[in-house]
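*Asks:* The structure follows.
The values are calculated or read from the model by the stated rules, or taken from the named source; none is laboratory data. Everything quoted here is computed from the prediction, not taken from an experiment. Reconstructed Cβ throughout: ideal geometry from the backbone, glycine too, with neighbour counts over all protein chains shown. Note: areas computed on protein heavy atoms with side chains; ligands, DNA, RNA excluded. Shrake-Rupley method; radii C 1.70, N 1.55, O 1.52, S 1.80 Å.
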Amino acid sequence: MNRLVGVELSHQKAPLAIREKIFLKNEDLAGALLGLKKKMPEVFIISTCNRLSVYALTDNINPIFDFYREFGQLDAYLSVYEHDVQAARHLFATASGLESQAIGEHEILGQIKKDYAMALEAKSIGPVMDELIRRAITVGKKVRQHTAIGQYPVSIASVAYDVLKDIHHDFKDKSVLMIGTGEMANLMLKIISKKPFANLHIASRSFHRAQSMANLYHGKAVSFENINEVLPNIDIIIGATHSDAYVLKKDDLANINRNITLVDIGLPRNFDPEIKILKNAKLFDLDDLKSLTERGMQRRHEEIPKAMDIIADGIEEFSYWMNTRQISPLIASYYEKLDTIREEELRWALPKLGNLDENQQKIIENLLSRITRRVSGKPIEMLRHFSQEPNTTRNPIDTFKELFDL
């Protein structure tokens, strides 16, 4: 029998060196969805810098394990949710920011929406996963609306900004180089642009994209090939691009005669970790930022019980939907059978009643319909009730009494 399952590799168990190996770009994500869809009825994947999660409706979880093994022996890093409620609760908690590296961060909700759109485009989800994902997004919004869990700065971008503030205090005489023009780069620029800085350079493999973002933030576009030319005049470098090789290595900065702060929020890492050896360079990568996200965490932790109450309500409503959905064909079949009996009895009775005018015939038909509704009302109500207790063992006589209100 098909059930909801979830398997995840995330920052909870896996270090950055493992996570950066399994990050899926959009084209890779589409291929993964299509590949898994061939082996299970419905599948949904969330791919971010901190997690690769697979949720599915299936009677066999093994294809998901096989999918992760394509990246290596990763079983020790996997978290497994093998039952409907467990999988749904984890997705709801993820959408609410409770499973994030920075608890309560807002970015994850946008990432789930983006991956939901990818799943719709790939036609990898059906009615159950669609309902689950939409409810997860709704719960995530409710948690942020009705708790203060997202009001204290602990997201990766916000923490990165705090790191820069602690080191430099003021940016007005600092020159900044942003490497990347994607979502994280844009988010980081939105935050740091709240305070003025001397110069902003934006580098991208696409000079057109670099120019567009530079125009937006009043900076200068730089091609990837010319990054080394501007390095001698840079105080702060932020890496937020997707690259299979290091964008900057230790040798690129070895001859720079000024102090440089580097923040690497790219995955895979944008900057060679050996840069940390340089005396004039301070490099912070995702793992370093994780250790600094404790600022504001205590206050966010105080909001977790309120968030869990909202999640619990969402799980209860989803479970009711799931259980009721399973008996919907049974209820439809029951009503269809009652209608068949009513029609058969009318065909038997009406000829025996003589010449009835249209009004009299309508009264008899309505009478049978009313009796059918009243007789079936209690059994249908109790069937819906029983569907919420699928594992309950009942005495058949007691069940009969409850069904027919005897």
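*Asks:* Expressed as a rounded percentage, what relative contact order does segment 1-100 have, with Cα pairs under 8 Å and six or more residues apart?
*Replies:* Working: 139 pairs, mean separation 40.6, N = 100.
Averaging sequence separation for qualifying contacts and normalising by length gives 41 percent for segment 1-100.
*Asks:* Okay, next question. Could you compute the FRET efficiency for SER333 and HIS146, with r as their C-beta to C-beta distance and R0 at 45 Å, rounded to 0.05? Could you put the intermediate results ahead of the total?
*Replies:* Values: r = 41 Å, r/R0 = 0.91.
According to the calculation, E is roughly 0.65.
*Asks:* Of the candidates LEU29, LEU267, LEU120, which one comes out as most mobile in a Gaussian network treatment of the chain with C-alpha springs shorter than 10 Å?
*Replies:* LEU120
*Asks:* Say we join alpha carbon atoms closer than 10 Å with springs in a Gaussian network model of the chain; which of ASP264, ASP59, ASP115 then has the biggest fluctuation?
*Replies:* Maximum fluctuation in the GNM of the chain, among the listed residues, is at ASP59.
*Asks:* Given axes a ≥ b ≥ c from the Cα gyration tensor, I'd like to know whether segment 288-356 is rounded (a/c under 1.5), prolate (a/b larger than b/c) or oblate.
*Replies:* On the way: a/c = 9.66, a/b = 5.55, b/c = 1.74.
Here segment 288-356 falls in the prolate category.
*Asks:* Round to a whole angstrom and tell me the spacing of the C-alpha centers of segment 217-272 and segment 278-315.
*Replies:* 26
*Asks:* Using the Karplus curve 6.51 cos²θ - 1.76 cosθ + 1.60 with θ = phi - 60°, work out ³J(HN,Hα) for each residue of segment 82-99 in order, rounded to whole Hz, and write x for Gly and Pro.
*Replies:* Karplus-based 3J(HN,Hα) across segment 82-99 equals 9, 10, 3, 5, 4, 5, 5, 4, 5, 5, 4, 5, 5, 5, 7, x, 6, 9 Hz.
*Asks:* Going Cα to Cα from LYS250, which lysines come in below 26 Å? Please leave out same-chain ones fewer than 8 positions away.
*Replies:* Partners within reach: LYS21, LYS165, LYS174, LYS220, LYS276, LYS279, LYS282, LYS290.
*Asks:* Another question, then. Indicate the gyration tensor shape class of segment 143-207 (rounded, prolate or oblate), computed on the Cα atoms with a ≥ b ≥ c the square roots of the eigenvalues: a/c under 1.5 is rounded; otherwise a/b larger than b/c is prolate and the rest oblate. Working shown, then result.
*Replies:* Details: a/c = 2.89, a/b = 1.46, b/c = 1.98.
Oblate, because a/c is 1.5 or more while a/b does not exceed b/c.
*Asks:* Additional query: Rounded to the nearest 20 Debye, what is the dipole magnitude of segment 268-358 about its Cα centre when Lys and Arg each give +1 and Asp and Glu each give -1 at the C-beta? Walk me through the intermediate numbers first.
*Replies:* On the way: 14 positive and 19 negative charges, 140 e Å.
In total the dipole reaches around 680 debye.
*Asks:* Identify all lysines with a Cα-Cα distance to LYS113 below 20 Å; exclude those on the same chain that are fewer than 8 residues away in sequence.
*Replies:* Answer for LYS113, where 20 Å is the Cα cut-off: LYS25, LYS37, LYS123, LYS141, LYS142, listed by chain and number.
*Asks:* For the chain, with all protein chains present and a 1.4 Å probe, just round the carbon and sulfur fraction of the accessible area to a whole percent. Mind showing how you got there, number by number?
*Replies:* On the way: 10640 of 21040 Å².
Of the solvent-accessible surface of the chain, carbon and sulfur hold 51 percent.
*Asks:* Suppose every Lys and Arg Cβ carries +1 and every Asp and Glu Cβ carries -1, with no other charges. What dipole size does segment 1-78 come out with about its Cα centre, to the nearest 20 debye?
*Replies:* On the way: 10 positive and 9 negative charges, 11 e Å.
Here the size comes out at about 60 debye.
*Asks:* For segment 166-321, what is the relative contact order in percent, using Cα pairs closer than 8 Å and at least 6 residues apart in sequence? If you can, show how the numbers build up before the last one.
*Replies:* Values: 230 pairs, mean separation 27.6, N = 156.
The value is 18 percent.
*Asks:* Counting only heavy atoms of protein chains, what accessible area per residue, in Å², does the chain have with a probe of 1.4 Å? Numbers along the way, then the final one.
*Replies:* Numbers: 21040 Å² over 406 residues.
Heavy-atom SASA per residue in the chain reads 52 Å².
*Asks:* Could you work out [θ]222 nm for the chain from helices alone, using -39500 (n - 2.57) per DSSP H run of at least four and dividing by all its residues? Round to the nearest 500 deg cm²/dmol. Don't skip to the answer; put the middle values down first.
*Replies:* Numbers: 16 runs with 211 residues, N = 406.
One gets -16500 deg cm²/dmol as the mean residue ellipticity at 222 nm.
*Asks:* Still on this structure, I have one more. Between segment 155-190 and segment 47-71, what is the C-alpha centre distance in whole Å?
*Replies:* Segment 155-190 and segment 47-71 have Cα centres spaced 33 Å from each other.
*Asks:* Once you have a ≥ b ≥ c as the square roots of the Cα gyration tensor eigenvalues for segment 46-192, tell me rounded if a/c is under 1.5, and otherwise prolate or oblate according to whether a/b is larger than b/c. Could the numbers behind the result be given before it?
*Replies:* On the way: a/c = 2.24, a/b = 1.78, b/c = 1.26.
Because a/c hits 1.5 or more and a/b exceeds b/c, segment 46-192 counts as prolate.
*Asks:* Return the distance in nm (one decimal) between the two label points of a simple spin-label model at LYS21 and LYS38, each offset 7 Å from Cα along Cα→Cβ.
*Replies:* Roughly 2.4 nm, to one decimal.
*Asks:* Next up: Give me, ordered by chain and number, the residues 5 or more places off ILE237 or on other chains with an amide H under 5 Å from its own placed amide H.
*Replies:* Sorted by chain and number, the residues that satisfy this are LEU177, THR261, LEU262, VAL263.
*Asks:* Please list 332-340, 4-12, 213-221, 244-252 highest first by mean number of surrounding beta-carbon atoms within 10 Å per residue.
*Replies:* Working: 332-340: 12.1, 4-12: 21.1, 213-221: 16.4, 244-252: 14.6.
The peptides rank, most packed first, as 4-12, 213-221, 244-252, 332-340.
*Asks:* Give a residue-ordered list of calculated ³J(HN,Hα) values for segment 43-58 (Karplus: 6.51 cos²θ - 1.76 cosθ + 1.60, θ = phi - 60°; whole Hz; x for Gly, Pro).
*Replies:* 8, 9, 10, 10, 10, 10, 5, 10, 7, 10, 10, 10, 10, 8, 9, 7
*Asks:* Report the calculated FRET efficiency for TRP321 and PHE224 (r = Cβ-Cβ distance, R0 = 41 Å), to the nearest 0.05.
*Replies:* On the way: r = 50 Å, r/R0 = 1.21.
My answer for the efficiency is 0.25.
*Asks:* Same structure again: Could you grab the relative contact order for the chain? Cα pairs under 8 Å, six or more apart, rounded to a whole percent.
*Replies:* Numbers: 584 pairs, mean separation 55.9, N = 406.
Relative contact order here is 14 percent.
*Asks:* Just one of (i) 135; (ii) 204; (iii) 162 is volume of the Cα convex hull per residue in Å³ calculated from these coordinates, so which is it?
*Replies:* (ii)
*Asks:* From the phi of every residue in segment 363-369, what ³J(HN,Hα) in whole Hz does the Karplus formula 6.51 cos²θ - 1.76 cosθ + 1.60 yield, where θ is phi - 60° and glycine or proline is x?
*Replies:* Each residue's phi maps through the Karplus curve to give 4, 5, 5, 5, 4, 5, 5 Hz.
*Asks:* If you don't mind, another one. What is the magnitude of the charge dipole of segment 176-328 about its Cα centre, with +1 placed on the Cβ of each Lys and Arg, -1 on the Cβ of each Asp and Glu, and no other charges, expressed in debye to the nearest 20? List each step's numbers first, then the result.
*Replies:* Numbers: 19 positive and 20 negative charges, 114 e Å.
Once rounded to the nearest 20, the dipole reads 540 debye.
*Asks:* What lysines does LYS352 reach when the alpha-carbon gap must be under 19 Å and sequence neighbours fewer than 8 apart in one chain are set aside?
*Replies:* List returned: LYS362.
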